[in-house]
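**Student:** Pasting a structure here, questions to come.
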Amino acid sequence: MNLIVRITILFVIVSLFVFLLGGVISFNVMMREVNYEQQRFLMERLERMESRLARRPVQDSLQWAKLTVIRLDDRVEESTSFSDTIVIHSQLEREELHLKLDAIRNIDDVSYKISLYDIIIESDDIREGLVESLITMYVILLAAVLVIGFLASYYILKPFNQTLEGIKSFSLTRPGTQLTFPKTTVSEFKRLNQFLEEMTQKVQSDYQSLKEFSENASHELQTPLAIMQSKLEVLMDGNNLTGEQLEQISSVQATVKRLSHLSNSLSILTKIENAEFTNVSAIDLSETVEKMLQEFKELIELKSITKTVQIEKGVIVSADKVLIELMLTNLINNAIRHNMEGGELKLILTNSELTICNSGPKLSLPSEDLFLRFKKSNQSAQSLGLGLAIVKSICNFYGYSISYENKDEKHTIYIHFLP
């Protein structure tokens, strides 16, 4: 629901309450004015009747339409009172509510009781007319607000929508891309566009600096590591080394390899998060999985692992081949490394899901931490704790869902390709 629709709905709701409150106030004001005018009308008739009685006194009583005059024998104090009464309407021939005026007047020392009445406008009639007019005006207002609201949503917010489209199409991975915004006369949109231009330029500059730093750092780190590796290999070939020295050199060599692997893994994670893998193509996942299993054949046989494979033919995904192969390598390698001697490995591939299950001891960390960086179970101290984190990043990059299940010393990872 966009902003204009929200504002329109809010305005309609507020207008409804205003109309209801205004209707109540209008009804009370109208009733007050009607009552005042009706009483004034009867008082004017009373004054005219007093003038007539002063000129032509009544000896007994007098009765006209809606008028009764009775001469009283005794002198009575003057009084005036209004009341409602029911009278048969002469034309409608039905009972109608009338306003009645009863007054005592002393004219030339003679007291008269004068009764006047006239039909009044009933409150129900006023209420019905008022409700009808308010509903009509509210419907007209509602239609006008909706039309104006949608027109405003299209024309007034058009620069804002163009700004959103520009932001959507903006990519940090395309160097030199300049984010431009449409011209607008709305000051708020002008300030927004100016802020976004400055912010995107700063983000783009920082991204390029960080990208260059990470690439340079990874490259420069590999050079001394390679030199260290070669020097260690030369030392290992020496004939005058003791067994203890050979053991220490082997330990250093393993640490160097681990550090090199760590640098490569972190570099891959950075590239995935920066969306630098854009070489998307149709990949036959069935053939790729079979090829990967063939590459790990020796490791599987070395640990005497029982392998069960069910691969559906012709499973195609659109992705970068490097990332898919990296994801499969980490999954299969993880299932073998953390498996036990003589354990089981089960791999099932369908058109919508990849399932990898391996036997192994219970995890020493919470299952929800399994895909976090540098989180690993203590059964493999040599593990970097980045393999499944890379798999998780690849799945997030392509919109795959990944989940883990542990049951009866069986560790199962599910990857769903379809949303």
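The values are calculated or read from the model by the stated rules, or taken from the named source; none is laboratory data. What you see is a predicted model; the values in this text were computed from it and never measured. Note that we place each Cβ from the backbone using ideal geometry, even for glycine, and neighbour counts take in every protein chain shown. Surface accessibility is based on the protein's heavy atoms, side chains included, excluding ligands, DNA and RNA. Shrake-Rupley method; radii C 1.70, N 1.55, O 1.52, S 1.80 Å.
**Student:** Does L363 count as touching a Ser or Thr at 6+ places or on another chain (Cβ under 7 Å), outside any strand (DSSP E or B), modelled with pLDDT under 80 and farther than 23 Å from K303 by Cα?
**Tutor:** When the stated conditions are applied, L363 does not pass them.
**Student:** Would you confirm, using the coordinates I've provided, whether I140 is open to solvent by 40 Å² or more (accessible area, probe 1.4 Å) and closer than 23 Å to L10 by Cβ?
**Tutor:** yes
**Student:** Can you find even one residue in region 313-322 that is open to solvent by less than 50 Å² (accessible area, probe 1.4 Å), modelled with pLDDT of 90 or more and assigned to a strand (DSSP E or B)?
**Tutor:** Looking for residues that are open to solvent by less than 50 Å² (accessible area, probe 1.4 Å), modelled with pLDDT of 90 or more and assigned to a strand (DSSP E or B), one finds none in region 313-322, hence no.
**Student:** Can you report the number of residues in region 33-79 which are part of a helix (DSSP H, G or I), closer than 25 Å to E96 by Cα and either under 60 Å from the mean Cα position of the chain (by Cα) or of a type in the set (S, T, N, Q) (or both)?
**Tutor:** 7
**Student:** Okay, next question. Please specify each residue of region 44-80 satisfying the condition of being surrounded by 14 or more Cβ atoms within 10 Å (Cβ to Cβ) and either more than 14 Å from V110 (Cβ to Cβ) or among the polar types (S, T, N, Q) (or both).
**Tutor:** Within region 44-80, R45, L46, K66, L67, T68, T80 qualify.
**Student:** Quick check on my filter: what residues within region 404-419 are closer than 21 Å to S318 by Cα, open to solvent by less than 50 Å² (accessible area, probe 1.4 Å) and not β-branched (V, I, T)?
**Tutor:** Within region 404-419, just F417 meets the criteria.
**Student:** Since S281 meets every condition but one in (1) modelled with pLDDT under 85; (2) under 34 Å from the mean Cα position of the chain (by Cα), which condition does it not meet?
**Tutor:** So the condition that S281 fails would be (1).
**Student:** Output the residues belonging to region 97-122 that are of a type in the set (V, I, T) and either at pLDDT 80 or above or part of a loop (DSSP other than H, G, I, E, B) (or both).
**Tutor:** Hits for region 97-122 are I104, I107, V110, I114, I120, I121.
**Student:** One residue is enough: does region 27-40 have a residue meeting the conditions open to solvent by less than 90 Å² (accessible area, probe 1.4 Å) and under 15 Å from S115 (Cβ atoms)?
**Tutor:** Yes, some residue in region 27-40 is open to solvent by less than 90 Å² (accessible area, probe 1.4 Å) and under 15 Å from S115 (Cβ atoms).
**Student:** Condition check: part of a strand (DSSP E or B) and either closer than 26 Å to S281 by Cα or without any contact (Cβ under 8 Å) to a residue 40 or more places away in the chain (or both). Does L354 satisfy that?
**Tutor:** So L354 fits the description; yes.
**Student:** Being in contact (Cβ under 8 Å) with a residue 40 or more places away in the chain and under 13 Å from E47 (Cα atoms) is the filter here, so list the residues in region 95-111 that pass it.
**Tutor:** L101, A103, R105, I107
**Student:** I need the full set of residues from region 323-339 which are open to solvent by 10 Å² or more (accessible area, probe 1.4 Å) and in a helix (DSSP H, G or I), in order please.
**Tutor:** Passing the criteria: E325, L326, T329, N330, N333, N334, R337.
**Student:** With respect to the numbered conditions (1) open to solvent by 50 Å² or more (accessible area, probe 1.4 Å); (2) under 14 Å from I413 (Cβ atoms), which one is the sole condition not fulfilled by Q294?
**Tutor:** So Q294 meets the others, but not (2).
**Student:** So, one more: Give the residue that is farthest from G149 (Cα to Cα), with candidates limited to residues of region 1-26 that are of a type in the set (V, I, T) and surrounded by 15 or more Cβ atoms within 10 Å (Cβ to Cβ).
**Tutor:** Per the criteria, the residue is V12.
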